[in-house]
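Trainee: This structure is in structure tokens; I'll ask about it shortly.
The values are calculated or read from the model by the stated rules, or taken from the named source; none is laboratory data. Bear in mind that the values here come from a model prediction, so they are computed numbers and not experimental data. Here the Cβ positions follow ideal geometry from the backbone for every residue, glycine too, while neighbour counts run over all protein chains shown. In case anyone asks, the SASA skips ligands and DNA or RNA and just uses the protein heavy atoms, side chains included. Shrake-Rupley method; radii C 1.70, N 1.55, O 1.52, S 1.80 Å.
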Amino acid sequence: IPIISALGSFFLIFCLRSLDVFEREPIKYIFLNFLFGIISYLLSAYITSYLFQITDINSSIVNLSKKTIYFAVIFSSLMMLLAQLICGVISSNLFKKQYDTVTDYLIYFSSIGIGFSFSEIFFHDLLNKTTSSSLLEISNNLYFSSFFTGTTLPFLMAGFGAGMYLLKLSKKNRFKSIFYISIFVILFSI
């Protein structure tokens, strides 16, 4: 199931890639950004699980109120988003020469989201079949979180990538109106 999900998303990426008439993006960089998405998922899931474990949030949720559940969901969502955004910024700085048109930003940032979604589906599937106590502990720690619900992340990351392109364009050409549009697109994506 994770492979079918990733293939469907990559089909969309390659459709976008074929529409790029100026310079088709190398598959190597698409795959590297996909790996960045996987890394961002693993880091955000582990860090969130660890923080939830040391704060014993699951006990707090049972003993307190729904407010703690809302906090856990919002916090985990921010961790997921932050991990992807950091990987997107790292990617755009590492591969500066590859990021020159809006299509590049859409493809590369979407690839990060696809890697994140792939990892989430794979990890969810793995947790349903595992007997590993350490994996089950991570699963228990993430029970009251927004993990395992991120199937729209490639679209979120594409929007963020478009906003980053507009931000770069506004700084380069000193267009205030494009700057405000870029900030709106980034905030709307978030």
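Trainee: Pull out the extension gain between residue 70 and residue 35, defined as 0.36 nm times the separation in residues minus the alpha carbon to alpha carbon distance; nm, one decimal.
Mentor: On the way: separation 35, 0.36 × 35 = 12.60 nm, distance 3.02 nm.
So the extension gain works out to 9.6 nm.
Trainee: How big is the accessible area of residue 177 in square angstrom, nearest 10, if you roll a 1.4 angstrom probe over the protein chains?
Mentor: That residue has around 80 Å² of solvent-accessible surface.
Trainee: With each label point set 7 Å from Cα along the Cα-Cβ vector, what nm distance links residue 134 and residue 102?
Mentor: It is 4.6 nm.
Trainee: With labels modelled as points extended 7 Å from the Cα through the Cβ direction, what inter-label distance (nm, one decimal) is found for residue 187 paired with residue 21?
Mentor: Label at residue 187, label at residue 21, 3.5 nm between them.
Trainee: For the pair residue 177 and residue 14, how long in nm is the line joining their label points, each one 7 Å along Cα→Cβ?
Mentor: In this crude label model, residue 177 to residue 14 measures out at 4.0 nm.
Trainee: Let me ask something additional. If DNA, RNA and ligands are ignored and the probe is 1.4 Å, what is the ranking of 174, 17, 24 by accessible area, most exposed first? Mind showing how you got there, number by number?
Mentor: Details: 174 205, 17 55, 24 130 Å².
Output order, biggest surface exposure first: 174, 24, 17.
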